[in-house]
Structures are given as structure tokens and as C-alpha cells.
1. Within segment 45-74, how many residues turn out to be surrounded by 11 or more Cβ atoms within 10 Å (Cβ to Cβ) and assigned to a loop (DSSP other than H, G, I, E, B)?
2. Tell me whether segment 88-101 contains one or more residues that are under 13 Å from residue 208 (Cβ atoms), touching a residue at least 60 places away in the same chain (Cβ under 8 Å) and in a strand (DSSP E or B).
3. Could you go through segment 30-44 and let me know if any residue there is in contact with a Cys (Cβ under 9 Å, 6 or more places away or on another chain) and among the charged types (D, E, K, R).
4. Looking for something in contact (Cβ under 8 Å) with a residue 24 or more places away in the chain and in contact with a strand residue (DSSP E or B) (Cβ under 6 Å, 6 or more places away or on another chain) - is there at least one such residue anywhere in segment 59-76?
5. For segment 80-111, enumerate the residues that are farther than 16 Å from residue 23 by Cβ and more than 23 Å from the chain's Cα centre (by Cα).
6. Could you check residue 210 against (1) at pLDDT below 95; (2) of a type outside the set (Ser, Thr, Tyr); (3) open to solvent by 50 Å² or more (accessible area, probe 1.4 Å); (4) within 19 Å of the chain's Cα centre (by Cα) and say which number it fails?
7. Mind counting the residues in segment 232-245 that are within 17 Å of the chain's Cα centre (by Cα) and at pLDDT 95 or above?
8. Hey, among the residues in segment 18-44 that are surrounded by fewer than 17 Cβ atoms within 10 Å (Cβ to Cβ) and at pLDDT below 95, which one's farthest from residue 78 (Cα to Cα)?
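The values are calculated or read from the model by the stated rules, or taken from the named source; none is laboratory data. Nothing here was measured: the structure is a model prediction, and the numbers come from that model. Every residue, glycine as well, gets a Cβ built from its backbone with ideal geometry; the counts of neighbours run over all protein chains shown. Side chains included, ligands, DNA and RNA excluded: accessible areas come from the protein's heavy atoms. Shrake-Rupley method; radii C 1.70, N 1.55, O 1.52, S 1.80 Å.
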Amino acid sequence: MASRAELVVVGTGYRAIGDLTLEAKACIEQADLVLCLIGDPMVTGFLERLNPSVRTLDGFYAPGKPRPESYEEMVQDILAEVHRDQLVCCALYGHPGVFAYVGHEAVRRARLQGVPARMLAGSSAEDWLFADLGLDPGTCGCQSFEASDFLLRRRVFDPASLLVLWQVGVIGMRDRDPDFDHRPGAALLAERLTASYGGDHQVTVYEASPYVVTPPRISPVPLAKLSDVQMSASSTLVVPPLPARPVDPEVAARLRAACG
């Protein structure tokens with residue numbers, strides 16, 4: 001008899017229930033076991049109605065426990081269930097491959113172990129950012145960085161292109177801390193960006209809404225006052241580009257000659 005062992009990692013989307021694709025829904029319904037890491041009881045309850053086998057991975061988190069340790073235990077648990085000759089669907093919040101080590105690593109290891117494994121795309125906060133703020137990344141390009149990494153590694157960026165910085169409300173935070181003060185990190189970020197844009201440059205602190213009945217949070221602010229804005233772990237900083245760079249005449253001439 002052929003083995004049924006298979007892993008499918010799906011995303012439930014950023015907006016509760018409404019972002020779940022038909023393909024992801026079908027995978028959840030057909031699975032022998034659904035493991036999920038959602039963080040929203042309403043969405044988890046919806047998944048349970050699609051497939052009663054749902055089990056959450058939330059129990060691997062614990063106060064003071066390093067995140068990498070929790071993630072490693074989640075990956076091992078997912079693979080252990082797959083090796084019980086089951087079709088396992090792992091449902092993760094948002095896009096299952098964006099800020100999501102568990103999904104990528106589970107797929108990678110399953111394939112190394114000879115188990116069929118795949119990941120389905122889902123909508124993320126970035127998709128809603130483009131829609132809510134009316135931004136088109138094709139206009140002048142788009143650069144995207146995690147905020148702490150952007151500062152610590154002094155990432156090189158182009159001020160003439162749209163800049164998106166994720167998790168600006170938890171810069172420097174090592175583990176979940178409900179009392180974390182975002183202001184020192186935000187001030188450091190503003191200092192770095194002001195050198196390129198100036199303190200009067202208008203930026204936006206954005207938080208996508210996970211529910212259709214609530215609007216997104218859109219807070220415009222000059223860079224110099226960035227640390228005064230209330231932020232959370234879901235806060236994203238959107239930095240509009242400076243005026244476009246002029247066209248390189250030599251490159252333009254070569255393209256015309258080559259393309260007619």
C-alpha cells in the first residue's frame with residue numbers, strides 16, 4: 001500500500017477567515033490531521049468546523065522560553081505526525097512563508113526525509129498594506145526589511161524607492177514582553193532614516209486590520225516624531241520615496257539601439 005505521508009503548509013491569510021483560499025480550505029478539509037498556529041480563537045474555531053482533528057501548536061510557547069527552542073519543537077512535532085503515515089496540513093497565520101520559520105523548515109526537512117511536502121501561498125499584511133495605502137510597488141520599486149535587522153546590520157537602501165520596515169514596535173525585543181517600550185528603538189530608527197530623508201519627511205505607521213468590521217490603523221507622522229506614535233508588534237513603517245532619479249542617458253541609448 002502506498003504511503004499517505006504528506007505535508008501541506010497553508011496560510012489562513014491576514015484577515016480572519018475571509019482571506020482563506022479555496023485551495024487551502026480544501027487541504028484543511030482533506031487532511032488526516034490539522035496542526036495550526038493562528039493566535040486567533042475565532043479562526044481556530046472555524047478550522048475545527050472544517051476538520052475536527054485540529055490541534056494547535058501554541059502549547060510549545062512558554063514564558064521565558066527562547067523562541068528558537070519553541071519553533072524547533074514545533075517542527076519536530078509536525079514531522080513526527082507526518083511520519084505516522086498521515087496527510088498533515090499545517091495552517092499558519094497570514095502567509096505561511098512570511099516571518100514563519102516553522103513552515104519553511106518543516107517543508108525543507110520533510111523533503112530531505114523523502115516525504116512529499118509543499119507550501120501554498122496566503123495573503124499577508126504586505127498585501128493589505130498595498131491595498132489600504134494605495135501603493136503600487138511597481139511604480140518605483142519596494143524595499144522590505146525587518147526593522148531590528150535593518151538597524152543592526154546597517155542594511156543598504158535606496159531612498160528613491162519605497163521602503164517598508166516590519167515590526168517597528170518591537171525593535172530590539174528578544175521575547176514577548178507586554179510592557180516593552182518601543183520608544184528607544186523607534187528613536188534609533190528615526191535617527192538612521194533622518195540622515196537620508198530629513199526629519200520633516202512624512203512617514204506612516206501602519207497596522208492591517210485582521211477583521212472586516214474594523215479599519216486599518218494608518219498614522220502619518222514626520223520622521224522626527226516617530227517615537228511619539230503608539231506602536232505594537234504589528235506596526236509597520238512605510239517610508240515614501242524621495243523624488244525619482246533621472247534616467248541614465250547612456251543606458252537609455254543602448255536600450256534604444258538594442259531594442260529598436
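1. 7
2. Yes, because at least one residue in segment 88-101 is under 13 Å from residue 208 (Cβ atoms), touching a residue at least 60 places away in the same chain (Cβ under 8 Å) and in a strand (DSSP E or B).
3. Checking segment 30-44: at least one residue is in contact with a Cys (Cβ under 9 Å, 6 or more places away or on another chain) and among the charged types (D, E, K, R).
4. Checking segment 59-76: not a single residue is in contact (Cβ under 8 Å) with a residue 24 or more places away in the chain and in contact with a strand residue (DSSP E or B) (Cβ under 6 Å, 6 or more places away or on another chain).
5. Selection gives 80, 81, 82, 83, 84, 85, 86, 111.
6. (3)
7. 4
8. The extreme case among them is 18.
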